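Data first, discussion second: the structure below is written as structure tokens.
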Amino acid sequence: MTTFDARLSSYSSPFLSLFRIIAGILFALHGSQKVFGWPVAAPVAIEAGSWPLWWAGLIELVAGLLIAVGLFTRIAAFIASGEMAVAYFWQHWPPLEGPPASFWPMENGGEVVLLYCFGFLAIAGLGAGAWSADARRRTRVGAAAPGRVVSGTAAPAATTAAPVRRRGLLSRFRR
């Protein structure tokens with residue numbers, strides 16, 4: 001590993017947290033635009049409770065705030081990623097319904113939607129990072145030592161017990 005790689009690898013969890021916070025805030029702003037008309041009004045007037053835009057805005061607002069704070073991050077990011085996948089296939093490149101549109105995201109306006117989709121999918125897989133409410137909750141429960149930097153929320157705490165040997169699928173047929 002080069003010196004530059006070694007230096008940056010020690011910052012992977014804070015960088016992940018920074019990415020999560022910025023993406024969550026921007027996603028929540030998209031939702032508040034649809035639900036409240038703030039910080040700028042939506043391009044199309046959205047009536048409260050109308051399907052699908054108002055409900056999509058509500059999902060974006062709630063999931064964006066949860067992702068930004070880092071509370072229930074994996075679940076919120078997975079839901080947000082799924083919403084963006086549905087938005088892409090339903091609104092930007094509708095293969096099932098609607099007028100035919102170009103496959104290419106640069107032409108059908110789906111670039112931001114795809115970036116959100118796969119960015120949130122990465123957050124769902126990698127976890128919230130060190131600067132999150134999830135990380136604070138883990139230290140209170142005692143799953144991680146105080147001050148320990150965990151890059152993913154699935155990283156196990158260090159244990160001193162002997163590892164449990166798991167049997168494979170075919171091991172029951174061997175003698």
task: Please report, to two decimal places, log10 I(q)/I(0) for the stretch 37-115 at q = 0.18, 0.25, 0.26 Å⁻¹ as given by the Debye formula with identical point scatterers on the Cα atoms and no solvent.
output: -0.88, -1.23, -1.24
statement: With N residues in the stretch 1-76, Rg(alpha-carbon) / (2.2 N^0.38 Å) equals 1.45
- prompt: How big is the gap, in Å, between the Cα center of the stretch 1-67 and the Cα center of the stretch 78-94?
  reply: 15
message: Can you give me the accessible area per residue for the stretch 1-81, using a 1.4 Å probe, in Å²?
response: 61
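Over the stretch 47-92, what percent of the accessible surface lies on carbon and sulfur atoms, probe 1.4 Å?
Using a 1.4 Å probe with all protein chains present, the stretch 47-92 comes out at 83 percent carbon and sulfur.
The values are calculated or read from the model by the stated rules, or taken from the named source; none is laboratory data. As the structure is a computational prediction, the values presented were derived from the model and not from experiment. SASA here: full protein model, heavy atoms, side chains in, ligands and nucleic acids out. Shrake-Rupley method; radii C 1.70, N 1.55, O 1.52, S 1.80 Å.
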